[in-house]
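To start, the structure under review is shown below, and the notes come after it.
The values are calculated or read from the model by the stated rules, or taken from the named source; none is laboratory data. Just so it is clear, the structure is predicted and the values come from calculations on it, not from any experiment. Virtual Cβ from ideal backbone geometry, glycine too; neighbours counted across all protein chains shown. What goes into the accessible areas is simple: the full protein's heavy atoms, side chains included, and nothing from ligands, DNA or RNA. Shrake-Rupley method; radii C 1.70, N 1.55, O 1.52, S 1.80 Å.
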Amino acid sequence: MDTKFDFATFGQGIVYVKPILATDLPDEMRAKVGDLEELFSVHNADGEQLALVADRKLAFHLARENNMEPVTVH
């Protein structure tokens, strides 16, 4: 196959959703999450955290509302 691929645009539009334990959050954030034990973090392809939400369904909905394609990170 001799087709050129633009790797600079690869991964654009994809966000990664990963579970985060509330105990792993900084103290000031932990105080704000109440009794939640697990939250979900949304990251761009560069690893920058874009959002932290209460559940996986909300993380996926948020991504799609912003024209992004969410994928789960284990």
Measuring from its Cα centre, the chain shows a charge dipole (+1 at each Lys and Arg Cβ, -1 at each Asp and Glu Cβ) which, in debye to the nearest 20, is 180 debye
Summing -39500 (n - 2.57) over every DSSP H run of at least 4 residues in the chain and dividing by its residue count gives a helix-only mean residue ellipticity at 222 nm, to the nearest 500 deg cm²/dmol, of -4500 deg cm²/dmol
Taking only protein heavy atoms and a 1.4 Å probe, the highest-to-lowest accessible-area order of 39, 52 is 52, 39
The helix 56-65 Cα axis meets the longest alpha-carbon principal axis of the chain at an angle in degrees, between 0 and 90 and rounded to 10, of 50 degrees
If exposed means GluC sites (Glu not before Pro) lying in a DSSP loop and surrounded by at most 16 other beta carbons within 10 Å, then the longest stretch of the chain lacking such sites spans residues 1-36
Charge dipole of the chain built from unit charges on the beta carbon (Lys, Arg +1; Asp, Glu -1), centred at mean Cα; most positive-end Cα among 15, 67, 31 is 67
With the 1.4 Å probe rolled over protein heavy atoms, the chain has an accessible area per residue in Å² of 79 Å²
